Amino acid sequence: MDLTALFQNHLQNSLIEIETFHPHYERALNYMLQARGKGFRPLLLLSVVEGIDPLLIDSALDPALAVELFHTYSLIHDDLPAMDDADLRRGVKSLHREFDEVTAILVGDALNTHAFYIIASSPLSADTRIALTRELSLAGGVYGMVHGQILDCYFERRPLDLERLSQLHINKTAKLIAASLKMGGIIVNLPQEELDELYNFGIDLGLLFQIQDDLIDTLSSAEEAGKTTQNDTEKNSFTQLLGVDGALREADLLAQELQRRLERFRPSLIPPLERLLGSYLFRHQRLKGDDGRENTEKDG
């Protein structure tokens with residue numbers, strides 16, 4: 001099953017329509033969604049559903065969309081002048097550059113809220129919708145991404161040790177990735193032990209993803225990465241703390257451990273997750289070719 005095509009079609013068929021006399025509100029709401037990110041987080045959710053009960057994939061499309069809406073809001077706000085002040089995202093101008101800062105703040109707020117409306121309206125049982133709402137809000141709010149973001153901003157120019165840096169990025173990045181896997185498990189009613197296993201796997205996957213992202217930021221041009229790069233020199237990052245070679249070694253160790261753990265999942269889960277993660281687990285090894293030239297791929 002081509003989950004990527006299925007999800008992208010659902011996303012494009014679910015673009016927001018609103019009656020308004022504002023000159024660009026509707027276009028701004030859909031601007032970053034139409035830029036077509038890779039959809040990594042919603043595909044994690046859908047891959048779990050495919051591995052356990054493929055008949056539920058259609059019902060899982062809305063929760064997957066909610067995850068993408070929430071992630072996109074976070075990128076819009078992360079790019080703001082008060083945060084990273086980035087000019088480029090998903091290969092197009094960041095939303096505050098295309099429109100203005102006020103529009104970007106409000107569109108981010110709108111997509112955040114709309115994500116929970118989509119879950120509430122999804123064709124799932126009330127108990128499942130409540131559980132999905134809980135997971136997304138835990139990962140993205142007070143106890144998750146916002147916590148990580150405020151740590152990231154406050155400790156800019158204040159070096160952190162590896163333990164605190166990892167905690168920062170567990171909150172900022174890893175918890176939403178972990179929640180995406182767990183939300184897929186909730187939809188197919190996996191037992192708590194397996195939900196916990198998926199979540200813990202996702203935390204380490206999120207750390208790997210962040211180390212790789214730091215390497216992309218350090219080694220890539222903005223054109224190659226599809227977003228502003230070399231913009232985090234004053235922020236805490238794995239490449240700043242460990243150096244490029246140290247970050248590559250850490251990424252290798254994490255990727256190898258994740259591959260071993262993936263092979264211990266229930267058999268039906270392994271193929272869809274392997275198909276998705278095959279291009280991600282060792283993507284850091286493609287950042288430099290044998291001749292030392294950068295070899296990067298777009299992210300976000």
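Mind checking which residues of the range 82-97 are closer than 21 Å to Lys38 by Cα, surrounded by fewer than 19 Cβ atoms within 10 Å (Cβ to Cβ) and touching a residue at least 12 places away in the same chain (Cβ under 8 Å)?
Selection gives Asp87, Gly91, Val92.
Do we find that Pro42 is within 21 Å of Leu136 (Cβ to Cβ), in contact with a His (Cβ under 9 Å, 6 or more places away or on another chain) and part of a helix (DSSP H, G or I) in this structure?
Working: within 21 Å of Leu136 (Cβ to Cβ): yes; in contact with a His (Cβ under 9 Å, 6 or more places away or on another chain): yes; part of a helix (DSSP H, G or I): yes.
Yes: the conditions hold for Pro42.
Could you grab the pairs with beta carbons closer than 8 Å, sequence gap of 6+ or different chains, first residue in the range 12-37 and under 12 Å from Glu98 (Cβ atoms), second one assigned to a helix (DSSP H, G or I) and among the acidic types (Asp, Glu)?
These pairs meet every condition: Ala28/Glu98; Tyr31/Glu98.
Could you list, in sequence order, the residues of the range 114-170 that are closer than 19 Å to Phe238 by Cα, assigned to a helix (DSSP H, G or I) and not aliphatic (A, V, I, L, M)?
Matches in the range 114-170: His147, Gly148, Gln149, Asp152, Cys153, Tyr154, Glu163, Arg164, Ser166, Gln167, His169.
Please tell me if Leu190 is among the hydrophobic types (A, V, I, L, M, F, W, C), in a loop (DSSP other than H, G, I, E, B) and buried (at least 18 other Cβ atoms within 10 Å of the Cβ).
Numbers: among the hydrophobic types (A, V, I, L, M, F, W, C): yes; in a loop (DSSP other than H, G, I, E, B): yes; buried (at least 18 other Cβ atoms within 10 Å of the Cβ): yes.
So Leu190 passes the test.
What is the one condition in (1) without any contact (Cβ under 8 Å) to a residue 24 or more places away in the chain; (2) more than 21 Å from Ser121 (Cα to Cα) that Asp79 does not satisfy?
Tallying (1) without any contact (Cβ under 8 Å) to a residue 24 or more places away in the chain; (2) more than 21 Å from Ser121 (Cα to Cα), Asp79 fails exactly one: (1).
From the list Arg41, Arg27, Arg36, which one is within 17 Å of Asn13 (Cα to Cα), charged (D, E, K, R) and at pLDDT 95 or above? Full working, then the answer.
Values: Arg41 fails: within 17 Å of Asn13 (Cα to Cα); Arg36 fails: at pLDDT 95 or above.
Answer to the check: Arg27.
Could you grab me the full set of residues in the range 104-125 that are under 18 Å from His10 (Cα atoms) and among the β-branched types (Val, Ile, Thr)?
Taking the range 104-125 first, the residues under 18 Å from His10 (Cα atoms) are 111, 114-124.
Passing the criteria: Ile118, Ile119.
The values are calculated or read from the model by the stated rules, or taken from the named source; none is laboratory data. Bear in mind the structure is a predicted one, so any value in this text is a computation, not a measurement. Counting neighbours? That spans all protein chains shown, and the Cβs are built from the backbone with ideal geometry, glycine included.
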